[in-house]
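Asks: Quick one: the structure is below, and I'll ask about it shortly.
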Amino acid sequence: MGGFFGVASKQDCVFDLFFGIDYHSHLGTRRGGMAVYGKDGFNRSIHNIENAPFRTKFDKDMQEMSGHLGIGCISDYEPQPLIVRSHHGTYALTTISKINNQEQLTQKLFDSGHSHFLEMSGGDINATELIAALINQKANIIDGIHHALEEIDGSVSILLMNQAGIYAARDKHGRTPVAIGKKDDAYCVSFENYAYKNLGYSDYKELGPGEIVVVTDKNCVTLMNPNEEMKICTFLWVYYGYPASSYEGNSVENMRYRCGRMMAQRDNVKPDIVAGVPDSGIAHAIGYANESGVPFSRPFIKYTPTWSRSFMPTIQSQRNQIAKMKLLAVEELIRDKSLLLIDDSIVRGTQLRETTEFLYDSGAKEVHIRPACPPLLYGCKYLNFSRSSSEMDLITRRVIDRLENGKVTEEVLQEYANPDSTKYEQMVEEIRKEMNFTSLAFARLDDMLESVGIDKCKLCTYCWNGKE
């Protein structure tokens, strides 16, 4: 998905910028970038981080860069920040986006006289370059940013830096977070609010949906007021968010404890131990264990000395192999045991099936699976949760297609989304058999939303029930 960080400081900002960006490494695996502005103007660096972490790749740049303004990102796809020259002057731009209407916007820009876009290595247009072109359609930067927010179908949050400061904008529906931190002589802008705490910043504010601000070393000024409607991604709490994260005042770690506790309240199995798939299933498992009284244990461990971050290649067979290689069994905690295993979700199902086989091969007697969110029935339209080319990559859709003999309508999908329906029970049982689980029970949508702790109408649930 990606994350960004920016600093406006009276002093040199590069130390804070470097570590603030690095704290977003869990959100992207492809590229990192930094851009600063100082007495010598703009300076920028972009590196591929697929095989080495951000700090390793950017250590030399950190030593050589200087400036009082800076922005940067961890990107899951396109290289950024970009340095753009336009009638607005020169600025640096980084974004978190998913643009569903890219072809239509590109054609509109061509029709209005835009000459060309540079092609990335995969043949696509850089989404951040497209957003820059939208911004440049308007007479001033504020109207340009607002224009980009309104024109894009999907989601986009923006950091734009020029000599005046850093302009920050949150997606018009608030699908991703933007937080402002403050300390003496400096302000920062961040996707993750924990990213600035160890750098000496305290919470200043969270931007509302569609809000645009400008940040300098002296203040943070709202240029466009927020919208009332919010549809923040619920998966931020379930999976994306780092345990120390907090969105809309609600802790990721606490949400996962609550969700696990509610799963235990609905369950009737009596396993020997409860475990979480490292890392995003662990907190849910702790909540389940605390509520049920079943001991929490770690029957397998993620090997972190060389896999400290979640790098995954794009080739699915390699992804499956590396996911398997990361996990090491503690066979004494597995052999002849009945295990209840919590993962954040089931998407394709491949990795969890192999994990289950891995536990059986290590001597497990039973493996009960409890995904910490409902079955995923729809591919996300709003964030780059997955770059799957088809919803048929989802195990749920393949099973539903089989059960319905290929005649799947929206009305039928809504039946499968209802956890009290017969079709839902049939789908879950088919998945259980296909995956060779002893039992399978998903978290309920109503329980999961209650676990988040904010008004349910502010949460996007599209991937589970097709509704924003």
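Asks: Residue 141: over 22 Å from the mean Cα position of the chain (by Cα) and either modelled with pLDDT of 95 or more or β-branched (Val, Ile, Thr) (or both), yes or no?
Replies: yes
Asks: Something else: Mind checking which residues of segment 41-52 are touching a residue at least 12 places away in the same chain (Cβ under 8 Å), outside any strand (DSSP E or B) and surrounded by fewer than 23 Cβ atoms within 10 Å (Cβ to Cβ)?
Replies: 50, 51
Asks: Among the listed residues 85, 55, 31, identify the single one that is surrounded by fewer than 17 Cβ atoms within 10 Å (Cβ to Cβ), free of Cβ contacts under 8 Å to residues at least 60 places away in the same chain and under 25 Å from the mean Cα position of the chain (by Cα).
Replies: 55
Asks: I'd like to check something: does segment 432-452 contain any residue that is under 30 Å from residue 229 (Cβ atoms) and without any contact (Cβ under 8 Å) to a residue 12 or more places away in the chain?
Replies: yes
Asks: Can you find a residue that is part of a strand (DSSP E or B) and within 22 Å of residue 15 (Cβ to Cβ) anywhere in segment 147-159? Spell out the reasoning first.
Replies: From segment 147-159, those part of a strand (DSSP E or B) are 154-159; that's our starting set.
Filter once more, keeping what is within 22 Å of residue 15 (Cβ to Cβ): 159.
Within segment 147-159, one or more residues are part of a strand (DSSP E or B) and within 22 Å of residue 15 (Cβ to Cβ).
Asks: Working carefully through the options 181, 174, find the one that is buried (at least 21 other Cβ atoms within 10 Å of the Cβ) and part of a loop (DSSP other than H, G, I, E, B).
Replies: Being buried (at least 21 other Cβ atoms within 10 Å of the Cβ) and part of a loop (DSSP other than H, G, I, E, B) holds for just one of 181, 174, which is 174.
Asks: Taking the residues in segment 332-359 that are in a helix (DSSP H, G or I) and touching a residue at least 60 places away in the same chain (Cβ under 8 Å) as candidates, determine which candidate is nearest to residue 256 (Cα to Cα).
Replies: Step one: list which residues in segment 332-359 are in a helix (DSSP H, G or I), which gives 332-333, 350-359.
Of the ones still in play, those that are also touching a residue at least 60 places away in the same chain (Cβ under 8 Å) are 333, 352-353, 355-357, 359.
Working: 333: 24, 352: 19, 353: 23, 355: 21, 356: 22, 357: 26, 359: 24 Å.
Only one residue fits best here, namely 352.
Asks: Considering each of 438, 461, 422 in turn, give the residue that is polar (S, T, N, Q), under 17 Å from residue 235 (Cβ atoms) and at pLDDT 95 or above.
Replies: One residue alone meets the criteria, 461.
Asks: Looking at 119, 78, 103, which one is under 23 Å from residue 384 (Cβ atoms), modelled with pLDDT of 90 or more and charged (D, E, K, R)?
Replies: Answer to the check: 103.
Asks: Here's something else I'd like to know. When you check residue 319 against the structure, is it surrounded by fewer than 21 Cβ atoms within 10 Å (Cβ to Cβ), at pLDDT 95 or above and either in a helix (DSSP H, G or I) or not aromatic (Phe, Trp, Tyr) (or both), yes or no? Steps first, answer last, please.
Replies: Working: surrounded by fewer than 21 Cβ atoms within 10 Å (Cβ to Cβ): yes; at pLDDT 95 or above: no; either in a helix (DSSP H, G or I) or not aromatic (Phe, Trp, Tyr) (or both): yes.
No, not satisfied.
Asks: Can I ask one more? Run down 78, 103, 129 and say which single residue is farther than 30 Å from residue 20 by Cβ and acidic (Asp, Glu).
Replies: 103
Asks: Return the pair list, or none, for Cβ contacts closer than 8 Å from residues in segment 219-234 that are within 26 Å of residue 462 (Cα to Cα) and touching a residue at least 12 places away in the same chain (Cβ under 8 Å) to residues that are among the polar types (S, T, N, Q) and part of a loop (DSSP other than H, G, I, E, B), at least 6 apart or on different chains.
Replies: What qualifies is 232/176; 233/176; 234/461.
Asks: Given the criteria more than 24 Å from the chain's Cα centre (by Cα) and at pLDDT 95 or above, does residue 299 qualify?
Replies: On the way: more than 24 Å from the chain's Cα centre (by Cα): yes; at pLDDT 95 or above: no.
Against the criterion (more than 24 Å from the chain's Cα centre (by Cα) and at pLDDT 95 or above), residue 299 does not qualify.
Asks: Evaluate the following for residue 76: is it crowded, with 24+ Cβ neighbours inside 10 Å, in the same structural domain as residue 182 (by TED's automatic domain parsing) and not aliphatic (A, V, I, L, M)?
Replies: Values: crowded, with 24+ Cβ neighbours inside 10 Å: no; in the same structural domain as residue 182 (by TED's automatic domain parsing): yes; not aliphatic (A, V, I, L, M): yes.
No.
Asks: Is segment 7-25 home to any residue that is surrounded by 20 or more Cβ atoms within 10 Å (Cβ to Cβ), within 20 Å of the chain's Cα centre (by Cα) and part of a loop (DSSP other than H, G, I, E, B)?
Replies: The answer is yes; a qualifying residue exists.
Asks: Have a look at 275, 244 and point out the one that is surrounded by fewer than 20 Cβ atoms within 10 Å (Cβ to Cβ), in contact (Cβ under 8 Å) with a residue 12 or more places away in the chain and of a type in the set (A, V, I, L, M). Please lay out each step first, then the result.
Replies: On the way: 275 fails: surrounded by fewer than 20 Cβ atoms within 10 Å (Cβ to Cβ).
From the options 275, 244, the qualifying one is 244.
Asks: For segment 407-463, which residues satisfy the criterion of being of a type in the set (S, T, N, Q) and farther than 19 Å from residue 262 by Cβ?
Replies: Scanning segment 407-463 gives 409, 414, 421, 422, 426, 436, 438.
Asks: Step by step: first the residues of segment 66-115, then only those that are polar (S, T, N, Q) and assigned to a helix (DSSP H, G or I), then the one that is farthest from residue 1 (Cα to Cα). Which residue is that?
Replies: 107
Asks: Next question. Does segment 366-419 hold any residues that are of a type in the set (Gly, Ala, Ser) and at pLDDT 95 or above, and which are they?
Replies: To start, the set of residues in segment 366-419 that are of a type in the set (Gly, Ala, Ser) comprises 372, 379, 386, 388-390, 406, 417.
Once the filter is applied, which keeps residues that are of a type in the set (Gly, Ala, Ser) and at pLDDT 95 or above, segment 366-419 yields 372, 417.
Asks: A follow-up question, please. If a residue counts only when it is of a type outside the set (D, E, K, R) and surrounded by fewer than 15 Cβ atoms within 10 Å (Cβ to Cβ), which helices (runs of 4 or more DSSP H) contained entirely in segment 396-468 have at least 1 such residues?
Replies: 410-417, 422-435
Asks: With the structure loaded, tell me whether residue 373 is part of a loop (DSSP other than H, G, I, E, B) and touching an Asp or Glu at 6+ places or on another chain (Cβ under 8 Å) or whether it fails that test.
Replies: Working: part of a loop (DSSP other than H, G, I, E, B): yes; touching an Asp or Glu at 6+ places or on another chain (Cβ under 8 Å): yes.
Yes, satisfied.
Asks: Write out, first by first residue and then by second, each pair whose Cβ atoms fall under 6 Å of each other, whose residues are 6+ apart or on separate chains, and whose first residue, in segment 123-151, is assigned by TED's automatic domain parsing to the domain that holds residue 89 while the second is charged (D, E, K, R) and part of a helix (DSSP H, G or I).
Replies: Sorted first by the residue in segment 123-151, then by its partner, the pairs are 134/151.
The values are calculated or read from the model by the stated rules, or taken from the named source; none is laboratory data. These numbers come from a predicted model, not from an experiment. Don't worry about glycine lacking a Cβ; one is built from the backbone with ideal geometry, like all the others, and counts go over all protein chains shown.
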